[in-house]
Amino acid sequence: MAGLMTDPLPCPECGGTGQDLSVPRYVLMCMCCYGRGVVGGPDDPEENPPASPPDPPPAWEHRVWKNPVVAAALSCRYCLDARRVTRIDEVARTLVTADCPVCA
Ligand SMILES: [Zn+2]
Ligand SMILES: [Zn+2]
């Protein structure tokens, strides 16, 4: 993404001091530039939002399978030892039961 970064600019709110002097006798951090005195740089929080949390893992990767007791008790993770699986036949619009393709 190099080249898309905005060059830092002196903060228009505080003039580059990083201080908010709008309250008499108090020196506050400028909330426009977060006290940095510049805006738009690569460290600007508004240009670098925190990464969104990763997608939840698929059911196949569910942490229950990391439990050795569960993994040992069920030899087939696809049919859960039923030996048969039921699915919806999209063409016939009926439930179809078939042998488990993994263990049968
Ligand atoms: Zn500022
Ligand atoms: Zn199976």
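Worth a mention:
- Here residue 60 clears all of (1) at pLDDT below 65; (2) in a loop (DSSP other than H, G, I, E, B) except the condition numbered (2).
- Taking every residue in segment 12-27 that is closer than 23 Å to residue 40 by Cβ and pairing it with any residue that is among the charged types (D, E, K, R) and assigned to a strand (DSSP E or B), at least 6 positions away or on another chain, the pairs with Cβ-Cβ distances below 9 Å are 13/20; 14/20.
- Subset of segment 17-35 (residues that are part of a loop (DSSP other than H, G, I, E, B), modelled with pLDDT of 90 or more and crowded, with 17+ Cβ neighbours inside 10 Å): 18, 30
- Residue count for segment 66-104 satisfying the condition of being of a type in the set (A, V, I, L, M) and in contact with a Ser or Thr (Cβ under 6 Å, 6 or more places away or on another chain): 1.
The values are calculated or read from the model by the stated rules, or taken from the named source; none is laboratory data. This one's a predicted model, so the numbers in the text were calculated from it and none came from an experiment. For neighbour counting, all protein chains shown are included, and Cβ atoms are generated from backbone atoms with ideal geometry for every residue, glycine included.
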